[in-house]
Amino acid sequence: MRWQGNRESDNVEDVRDDAGGGGPGMSFGGRGIGLGSVAIALVASYFLGVNPMTVLNLLSGGAGGDMSQAAPQQGARPHPPANDEQTRFVRTVLADTEDVWHQLFKEAGGEYRDPKLVLFRGAVPTACGRGEAATGPFYCPGDQKVYIDLGFYDVLRDRLGAPGDFAQAYVIAHEVGHHVQNLMGTSAKVEAMRQRVSQTQYNALSVRLELQADCYAGVWANHAQQARQIIESGDVEEALNAASQIGDDTLQRNASGHVSPESFTHGSSQQRMSWFKRGMDSGDVGQCNTFAKGAV
């Protein structure tokens, strides 16, 4: 991916020093948990409905007590982001999403509001509650922020089999896609259905929401390529591989050997690849209506 030398976003907050330090692992019950255990907890929580804290306590030999690592204080002020290559990469990708979505919203007669991206380590307080690295990158509509522990990229590469910088960019673009949904009111409509439908029906709505975010990530890639020629040979394959490796069916099969479609919350590997590719091929937000009848 060609990203060096492009604009870097100022909308990045670095609270990694406030989050307890200790590298990409976390401490539970006084014992360290490495990325391998975090990967298992990520699969169990994100796709199988198991509390990641339960998994991590079991893996560390604990009995389900409180984490020894306290959350950072709500009033802690973000530090200027570090200037290492990985942080500059994140700032550059975020800036690229800003440029694309500002233009697309303007063309549609709207106004895009930039999200913040928070770099944290281990755990972080958010307007949506306590965020955990074990659940992977996430977006909180309450504060309009994307949260990512950069250790997830090691999990993505080493444990989930999805290496490459464009795969990492896809992750950020997907979470920004959730911000776009928030601005458009889509997320609120889905959330309003939570108390009115069964868990299986809500899971199906969640799948549509996630696949639309994948499609929006593809829309970003299309326009970024047109404007700045960021894509190199193999990049698209990296993104499609990442989409495949984090499909519900693939993760469930790898974790337990069984697949339960009714518990899907993000979509199958094929669906995730298909909707990202649809957005990238068309560059058209209108092609991302996963909520249309028969779309999924």
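The values are calculated or read from the model by the stated rules, or taken from the named source; none is laboratory data. What you see is a predicted model; the values in this text were computed from it and never measured. No Cβ is skipped: glycine too gets one built from the backbone with ideal geometry, and neighbour counts run over all protein chains shown.
Values for this structure:
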quantity	calculated
Filtered residue count, the range 106-121, keeping only those that are modelled with pLDDT of 95 or more and either touching a Lys or Arg at 6+ places or on another chain (Cβ under 9 Å) or polar (S, T, N, Q) (or both)	7
Residue pairs meeting the criteria (Cβ under 8 Å; at least 6 apart or on separate chains; first more than 14 Å from Ala173 (Cα to Cα), in the range 223-244; second among the β-branched types (Val, Ile, Thr) and surrounded by 19 or more Cβ atoms within 10 Å (Cβ to Cβ))	Ala227/Val100; Ser244/Thr250
Total residues in the range 192-223, condition farther than 28 Å from Asp96 by Cβ and either touching a strand residue (DSSP E or B) at 6+ places or on another chain (Cβ under 8 Å) or in a helix (DSSP H, G or I) (or both)	8
Some residue of the range 236-250 being surrounded by fewer than 18 Cβ atoms within 10 Å (Cβ to Cβ) and part of a helix (DSSP H, G or I)	yes
Search result, residues across the range 1-33 that are at pLDDT 75 or above and of a type in the set (D, E, K, R)	Arg2, Arg7, Glu8, Asp10, Glu13, Asp14, Arg16, Asp17, Asp18
Number of the exception - His266 against (1) free of Cβ contacts under 8 Å to residues at least 12 places away in the same chain; (2) closer than 21 Å to Asn182 by Cβ	(1)
Residues of the range 106-142 satisfying the condition of being within 16 Å of Gln181 (Cβ to Cβ) and in contact with an Asp or Glu (Cβ under 6 Å, 6 or more places away or on another chain)	Asp114, Pro137, Tyr139
Subset of the range 192-204 [within 21 Å of Pro137 (Cβ to Cβ) and free of Cβ contacts under 8 Å to residues at least 24 places away in the same chain]	none
Residue check for Asp158: farther than 23 Å from Leu211 by Cα, of a type in the set (Asp, Glu), assigned to a helix (DSSP H, G or I) and in contact (Cβ under 8 Å) with a residue 40 or more places away in the chain	yes
Any hit, the range 132-142, residues being closer than 22 Å to Ala242 by Cβ, in a helix (DSSP H, G or I) and touching a Ser or Thr at 6+ places or on another chain (Cβ under 7 Å)	yes
Considering residues of the range 129-146 that are surrounded by 20 or more Cβ atoms within 10 Å (Cβ to Cβ) and in contact with a Leu (Cβ under 8 Å, 6 or more places away or on another chain) only, the residue farthest from Thr186 (Cα to Cα)	Ala134
Qualifying residue in the range 241-256 (condition: modelled with pLDDT under 95 and farther than 17 Å from Ala162 by Cα)	yes
Residues of the range 274-296 that turn out to be more than 21 Å from Gln226 (Cα to Cα) and buried (at least 18 other Cβ atoms within 10 Å of the Cβ), as a count	1
